[in-house]
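I have placed the structure first, in the form of structure tokens, so that the comments after it can refer back to it.
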Amino acid sequence: MRSFFKTSSIKSATALLALLAVSSSAMAVELSTSSPSFGDKVSLIHDDYGKQVVIKSEISIDDLKKMRDTISEQSRQIEELKRSSGSSSSSSGKEIDDLKNKVKEQERDLSNLSRQVEELKRSSGSSSSSSSSELSNLKQKVSDQDRAVDQLKRTVEELSRKVK
């Protein structure tokens, strides 16, 4: 940014000197080597019906510095956002993978529990009260596992929607 202002001011000064040298009308412009202060206004070359004149704009040196600072801050914030959004999406992807693995693991557990329930039915029959209570417990566990798997699936789907 700083080089832009230096280059711009050099071009403006060069254009002003060229205008003064070429201009046939007498213009009273004094050039100074002192530094600009915050309240100084930017001078412009204006075409006034074929005649080029120097006019004072409403833009001050302070306004230009504020604009430069604002642009620098916004650029910094954009870069920070880019970095943070990249890392959050990769962490969300890892969370989704972890949840998917948990769902698969619980599905395997459910399958094993269902097999065990079937084996219990075949081996013990339905007459034994202890077998029926074990069977009820196993059915309850299977039911709980089904609810947990459904909940995890919903969570994974929600996370997939948020990442997209």
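Among the residues of segment 51-78, those that are of a type in the set (Lys, Arg) and either outside any helix (DSSP H, G or I) or under 17 Å from the mean Cα position of the chain (by Cα) (or both) comprise Lys51, Lys56, Arg76. The residues of segment 65-83 that are within 28 Å of Pro36 (Cα to Cα) and either touching an Asp or Glu at 6+ places or on another chain (Cβ under 6 Å) or not aliphatic (A, V, I, L, M) (or both), listed by number, are Lys65, Lys66, Arg68, Asp69, Thr70, Ser72, Glu73, Gln74, Ser75, Arg76.
What do you reckon, is Glu158 in a helix (DSSP H, G or I), assigned by TED's automatic domain parsing to the domain that holds Gly93, modelled with pLDDT under 85 and within 30 Å of Ser85 (Cβ to Cβ)? Here the answer is yes, as Glu158 does meet what is asked. Which pairs do you get when a residue that is touching a residue at least 24 places away in the same chain (Cβ under 8 Å), found in segment 71-85, comes within reach of a residue that is surrounded by 10 or more Cβ atoms within 10 Å (Cβ to Cβ), reach meaning Cβ atoms under 8 angstrom, with the pair 6+ apart or on two chains? Sorted first by the residue in segment 71-85, then by its partner, the pairs are Ile71/Met1; Ser72/Met1.
The values are calculated or read from the model by the stated rules, or taken from the named source; none is laboratory data. Computed from a predicted structure; not experimentally measured. Every residue, glycine among them, receives a Cβ derived from its backbone with ideal geometry; neighbour counts consider all protein chains shown.
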